[in-house]
Amino acid sequence: MLTDAQLDTYQQDGVLVVENVFDQATLDRLRGVIGEFVAGAAQLTDHTEIYDLEPSHTPEQPRVRRIKTPHKWHPIFVEMVKHPKLVSIMRALLGPNLRLHGSKLNMKLPHCGAAVEWHQDWAFYPHTNDDVLAVGIMIDDVDDDNGPMLALPGTHRIDKIWDHHQDGRFCGAMDPGATPDLDYSRAIACTGKSGSCSFHHVRLVHGSSQNNSDKPRQLMLYEVAAADAWPLLRFTDLDEYDSRMICGESTIEPRTERVPIRMPLPPALAGGSIYENQTALRNRYFEAKAATG
């Protein structure tokens, strides 16, 4: 599935977009399931273990900004991450033995979808090595206007983990005023037609603006690790851990490498999703950018 040039791009930039990974028939099935989930949020008034709601959510007009860990709630989300084309690409990037770390479905409604401030996924879930990436399945066409993921190419190769704390507590976001070594104007947008997939390294700095268009942007995200990359937090159950193997063989011998780590502790006061964590950040890049045009 990948050319040598694409592999080089991922190694150098830490991010890659591959077109036509999923066909429209598969995406239509997925959209149907998502519609059922959104309908199920109609009677909710607050976040749950499944739903993260937009501030403008009402029972009459349900607005879901995230479905949390969807692989736990419907088999289609497991089916998607085990799709042969997707597995072929992930194996080319991470090796033959792959484990699902987590999943989430981010939904940016027209003129509504929330921004995600600059961050590294690595800040949330450090492992014994960084052969870890996130896959973004573009369920809708993604363009420059409907809140695409923005990535700072090459930041995964910098031997640093930027601070994701506010007032001494984890907040899941980087203060743009405290990162003079980063040039956010260099960010590239991960755009593509529905069925395309983005792949970004766990240490890559990235974020996304609000959806300012009249088009939705639904992005299914999977966090995938080489099987010998073991998480440094929240490991409790080996059987459950091994049940998340995507392909290949598990191991009880973690591979350790010298990688920069800052633990996400003390935990965020606003627990739950990244949206809730980031409410503690005072100096917000995308909010300021929207205000200045």
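Here, each number is a calculation from the coordinates, and none is a lab measurement. Computed from a prediction, not measured in an experiment: that's the story for all the values here. Neighbour counts are summed over all protein chains in view; Cβ atoms, including those assigned to glycine, are modelled from backbone coordinates with ideal geometry.
Structural remarks
- Some residue of segment 6-14 being of a type in the set (D, E, K, R), closer than 16 Å to residue 197 by Cβ and touching a Pro at 6+ places or on another chain (Cβ under 9 Å): yes
- All conditions but one from (1) in contact (Cβ under 8 Å) with a residue 60 or more places away in the chain; (2) closer than 22 Å to residue 189 by Cβ; (3) surrounded by 15 or more Cβ atoms within 10 Å (Cβ to Cβ); (4) of a type outside the set (D, E, K, R) apply to residue 6; the one that does not is (1).
- Failed condition for residue 250, given (1) over 22 Å from residue 182 (Cβ atoms); (2) among the small types (Gly, Ala, Ser); (3) outside any loop (DSSP other than H, G, I, E, B): (3)
- Filtered residues of segment 46-55 (kept if surrounded by 11 or more Cβ atoms within 10 Å (Cβ to Cβ), without any contact (Cβ under 8 Å) to a residue 60 or more places away in the chain and farther than 16 Å from residue 73 by Cα): 53
- Of all residues in segment 234-248, those that are touching a residue at least 60 places away in the same chain (Cβ under 8 Å) and surrounded by 14 or more Cβ atoms within 10 Å (Cβ to Cβ) have Cβ atoms under 7 Å from Cβ atoms of residues that are among the aromatic types (Phe, Trp, Tyr) and outside any helix (DSSP H, G or I), 6 or more apart or on another chain, in 241/235.
- Selected residue (only one of 95, 14 is more than 21 Å from residue 116 (Cβ to Cβ) and small (Gly, Ala, Ser)): 95
- Residue in segment 282-292 that is over 24 Å from residue 89 (Cα atoms), among the aromatic types (Phe, Trp, Tyr) and touching a residue at least 12 places away in the same chain (Cβ under 8 Å) present: yes
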